Amino acid sequence: MVNSQKIHPLMIRVITCTLCLTHDCTLRCRYCYAGRKYSHAMTRETAQRAIDIVFDEARATGSSADISFFGGEPLMEWELLQWCYDYAQSRAGELIAPPRFGLTTNGTLLTAEKLNWLAERDFLIGISIDGSPAMHNTNRRRPDGTGSHADVAQALQLIEQHPRVRSQAICVVTPNNVQHLSEGLEWLSSHYSGTIGLNIDYWSEWSDEDFDTLTSQYALVTEQVARSYRTGQPILLRNIDDKIATHLHESDDDCVHCRIGEREIAVSVDGNFFPCSRLVGDGDKEELNFGNVTDGINRARQQYIIATRGCSTPACKLCSLRNRCTNSCGCTNYASSGKLNEVSAFLCCSEKLFINTADQLAEQLYEEKNPAFMKRFYDFS
Ligand code: SF4
Ligand code: SF4
């Protein structure tokens, strides 16, 4: 048995298992990549077998394991989720470090009682909310076609007011809502003080005009972030933070971000294994499948996925931004180009935009010796 007391937590390798608990959802978002919506939930046996396989894999590779819940809307299977938590905890002593838990939710079924349960167990909650009512309601709609912003805003308020819950807000940016991006961030940052992540919808087609809108909106967003540092209360925008971090800790490693196939196992409702939760869909893409709860991990398919992930085009190999760019992420590549190892032209342009913008902002704030910026990125005490 390995003594976890002697290993720094950052040194522990982790396998993340994402369980897609149901195909059903309370919403019908226009950009949803989670497959068809119908009443079909994971069985307890499938969940148990998936957790067993991931824990066995973690033990065999000297890793720990995180369990994350996804859907559809996972809170529709609240009892199953609680059961999975208890079952994983019953095997926790076999791992090198305690498992951690997470949940991605649209917030519509979140109650104070559920939030307390999740907070007491230190879940990381990712709540999907696309900013302001105008931005959110463009895509995130109820089955009757009406916008869901009011429901989700209530859940966000519960999270914001909770004394100890760990959370992040996920805001999806698409060609048809990008014109609201800066107003969307304004709304989010005035209602929520946690980390906000802008998830660019790489599954969609982005025209040149859409990219121009993204560029001008992102400039406004960056000005907002700069202002927030100057008032001493920085907006925690993951996109900018991540790019600054890649500058400060630049690495020559290829594929510094992507763990798909190797340390990411997403399990479909029917128990099939996929390299990332974003790639599960209806659970029927054979080229991305690498095993199931009955036969275990298909090693040949797993090795193929690991060998294929990350962009290997000559342009990326020679690019000075390659270690700061998301080209290493197989699932982002797949969303943008249909291949794990190719980026679309839009992904390349948007990454250059995000890196250059973050660098300009960081330079300004560094020159000003902005106290909030210096504390956030240079205070190692
Ligand atoms: S809330 Fe999530 S799973 Fe449900 S429709 Fe929207 S994107 Fe899809
Ligand atoms: S910026 Fe473009 S060329 Fe450079 S590494 Fe990223 S995707 Fe490849």
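The values are calculated or read from the model by the stated rules, or taken from the named source; none is laboratory data. Because the structure is a prediction, the values reported are computed rather than measured. Please note: Cβ atoms are built from the backbone with ideal geometry, for glycine as well, and neighbour counts cover all protein chains shown. Ligands, DNA and RNA are excluded from the accessible area calculation, which covers all protein heavy atoms including side chains. Shrake-Rupley method; radii C 1.70, N 1.55, O 1.52, S 1.80 Å.
How about region 288-375: which helices (runs of 4 or more DSSP H) wholly inside it have at least 3 residues that are more than 22 Å from the chain's Cα centre (by Cα) and closer than 23 Å to residue 278 by Cβ?
In region 288-375, 299-308 are the helices (runs of 4 or more DSSP H) which contain 3 or more residues that are more than 22 Å from the chain's Cα centre (by Cα) and closer than 23 Å to residue 278 by Cβ.
Across region 348-363, what is the number of residues that are more than 10 Å from ligand 2 (Cβ to nearest atom) and open to solvent by less than 10 Å² (accessible area, probe 1.4 Å)?
Here the count works out to 2.
Tally up the residues in region 281-338 that are within 16 Å of ligand 1 (Cβ to nearest atom), over 27 Å from residue 58 (Cα atoms) and surrounded by fewer than 19 Cβ atoms within 10 Å (Cβ to Cβ), please.
0
Across region 241-263, what is the total count of residues that are among the charged types (D, E, K, R) and modelled with pLDDT under 60?
Total meeting the criteria: 3.
For region 169-226, which positions are open to solvent by 30 Å² or more (accessible area, probe 1.4 Å), part of a helix (DSSP H, G or I) and within 15 Å of residue 347 (Cβ to Cβ)?
Answer for region 169-226, where residues must be open to solvent by 30 Å² or more (accessible area, probe 1.4 Å), part of a helix (DSSP H, G or I) and within 15 Å of residue 347 (Cβ to Cβ): 208, 210, 211, 215.
Any chance you could count how many residues in region 26-52 are in contact (Cβ under 8 Å) with a residue 24 or more places away in the chain, open to solvent by 20 Å² or more (accessible area, probe 1.4 Å) and within 9 Å of ligand 1 (Cβ to nearest atom)?
Of the residues in that region, 8 qualify.
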